[in-house]
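Quick note: the coordinates plus some simple rules give every number you see, no bench work behind them. Note that the structure is predicted; figures quoted are calculated from it, not measured. Here the Cβ positions follow ideal geometry from the backbone for every residue, glycine too, while neighbour counts run over all protein chains shown.
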Amino acid sequence: MTIDTGRIREDFPILHQEVHGRPLVYLDNAATTQKPQRVIDALVRYYQRDNANIHRGIHQLAVRATEQYEATRSRVASFVNAPDPRGIVFTRNTSEALNLVARTWGDEHVGEGDEIVLTVMEHHSNIVPWQLLAQRKGACLKYATTTPDGRLDIDHLRSLITPRTRVVSVTHASNVLGTITPVSEIAEMAKSVGALFVVDAAQSVPHMAVDMQALGCDVLAFSAHKMLGPTGVGVLCAPPELLESLPPFLGGGEMISVVREDASTWADVPHKFEAGTPNIGDVIALNAALDYLEELGMDAVREHERDLTAYALDRLQSFGGITIHGPLDVDERGGAVSFSMDEAHPHDVSTIVDGHGVAIRAGHHCAQLLMRHLRVPATTRASFYLYNEPREVDALIDALEDVRRVFGHASARSAV
Ligand code: 7TS
């Protein structure tokens with residue numbers, strides 16, 4: 001089944017507006033995605049009808065809110081084929097989920113001289129929590145590099161893994177290069193030395209069918225806001241036994257069993273890791289986002305984005321004077337397309353393109369290690385989702401023509 005964007009776009013009220021007098025073309029989906037009316041309705045319905053704190057009241061509203069909140073947990077587990085809903089922890093975002101793992105598992109299992117293996121294409125969310133852990137414990141960080149064509153250098157990664165490796169944590173899909181990493185293969189490497197294998201799935205779960213158990217990872221983290229859901233909800237997936245073995249991350253209400261003057265005992269997982277009142281309304285609305293994605297089918301979403309990315313890569317390549325960072329084979333990549341224009345700084349490109357109503361992102365994309373590795377200060381990035389259309393790629397290319405008119409063609413300039 002392919003995606004009928006004409007029909008889908010009707011579901012996204014935000015897309016039907018003009019920006020700077022032009023129809024909005026939203027190509028910043030790696031940062032956050034837009035929300036269908038169904039998700040907005042779920043949020044409004046919750047506050048209009050069911051708002052109550054969960055897990056504590058026995059009145060009707062509290063029961064309803066609790067049931068809906070827990071229904072999302074089960075739904076998330078089946079969406080990514082996690083081993084058990086008890087292994088699904090709601091956090092604020094991917095960043096918090098990764099911090100939780102580094103703080104709890106890391107503090108328990110990583111010691112002086114141990115090694116944490118990452119890649120140079122990680123988002124800062126999958127670097128800084130491990131750096132903090134390494135600093136606390138005197139552990140060492142190692143970074144696998146990328147190949148010249150923007151793929152993960154899997155041989156280099158393999159060479160970094162030793163019996164001292166305690167954690168391997170990699171992105172499933174790069175938010176800059178689009179690169180999809182061979183997660184199952186890396187899982188084998190991590191397992192062979194008994195390391196914890198963490199996958200940052202912030203850019204994969206929204207865009208393709210992800211089966212956590214088939215991937216073979218111990219921990220999977222992603223954000224609701226990048227998959228049609230609300231901001232303020234992240235997901236940490238792990239086997240419940242793994243979570244049970246860990247100390248708490250944050251202390252407070254709801255995460256305890258018994259509290260005494262000098263010490264406390266903990267609630268069962270996942271509640272042990274959800275201190276205080278959670279983001280109830282937004283978690284409930286995430287269920288509506290999962291409905292939407294499942295009705296379309298994640299394979300159809302992937303196919304649509306692959307076709308659109310192929311079209312975008314083709315148009316950017318034939319534009320000339322543009323360097324594309326990342327693989328050109330659409331089977332090896334997702335829909336985040338980073339590029340540099342010979343003649344203009346990414347921030348200038350982005351500003352001029354915005355004048356055409358086209359929303360893209362410029363900067364280091366929270367991936368400064370990768371920028372250094374690519375030897376660029378920043379890139380321009382267009383990133384696609386299920387509602388984007390080829391004519392929006394055309395609008396981007398038209399806007400880039402304008403950039404060229406303003407800055408002049410670099411090769412023409414150097415020829416003078
Ligand atoms: N990991 C990856 C691969 C990401 O792309 C992002 C966000 C995160 C982690 C962090 O997610 P958060 O929900 O905790 O913020 N990426 C981007 C981006 O590319 N532009 O804005 C946010």
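Couple of notes before you dig in:
- Normalised size of the chain, defined as Cα radius of gyration per 2.2 N^0.38 Å with N residues, equals 1.02.
- Positive-pole candidate from M298, P83, V349, dipole of the chain, charges at beta carbon: V349
- Each Lys or Arg adds one and each Asp or Glu subtracts one; over the other residues with Cβ under 12 Å from the Cβ of K191, this totals -3.
- Hits among aspartates and glutamates - C-alpha to C-alpha of K35 under 13 Å, sequence gap 8 or more where chains match: E10, D11, D282, D291
- Taking a Cβ cut-off of under 15 Å around L242, the surrounding Lys, Arg, Asp and Glu residues balance to a net charge of -2, with basic ones at +1 and acidic ones at -1.
- Just checking the listed ones, V19, V39, V89: in the Gaussian network model of the chain with Cα springs under 10 Å, the one fluctuating most is V19.
- Amide H contacts for N93 (H built 1.01 Å from N in the peptide plane; partners 5 or more residues away or on another chain; cut-off under 5 Å): G234.
- Long-range HN-HN contacts of L228 with modeled amide H, under 5 Å: T33
- Mean Cβ count within 10 Å, highest first, over the residues of peptides 215-222, 324-331: 215-222, 324-331
- For R333, distant residues with modelled amide H under 5 Å away: I180
- Listed residues V120, V259, V393, most fluctuating in the chain (Gaussian network, C-alpha, under 10 Å): V259
- For the chain, built as a Gaussian network whose Cα springs stay under 10 Å, the top-fluctuating residue of H172, H225, H16: H16
- For region 1-148, the fraction of C-alpha pairs farther apart than 23 angstrom is 62 percent.
- Ranked by the mean number of other Cβ atoms within 10 Å of their residues, highest first, the peptides 371-378, 284-291, 31-38 fall in the order 284-291, 31-38, 371-378.
- Per-residue ellipticity at 222 nm from helix content only, as computed over the chain with -39500 (n - 2.57) for each DSSP H run of at least four residues, stands at -11500 deg cm²/dmol.
- The chain - percent relative contact order, Cα under 8 Å, separation 6 or more: 22
- Cα gyration tensor, region 161-290 - rounded (a/c under 1.5), prolate or oblate: oblate
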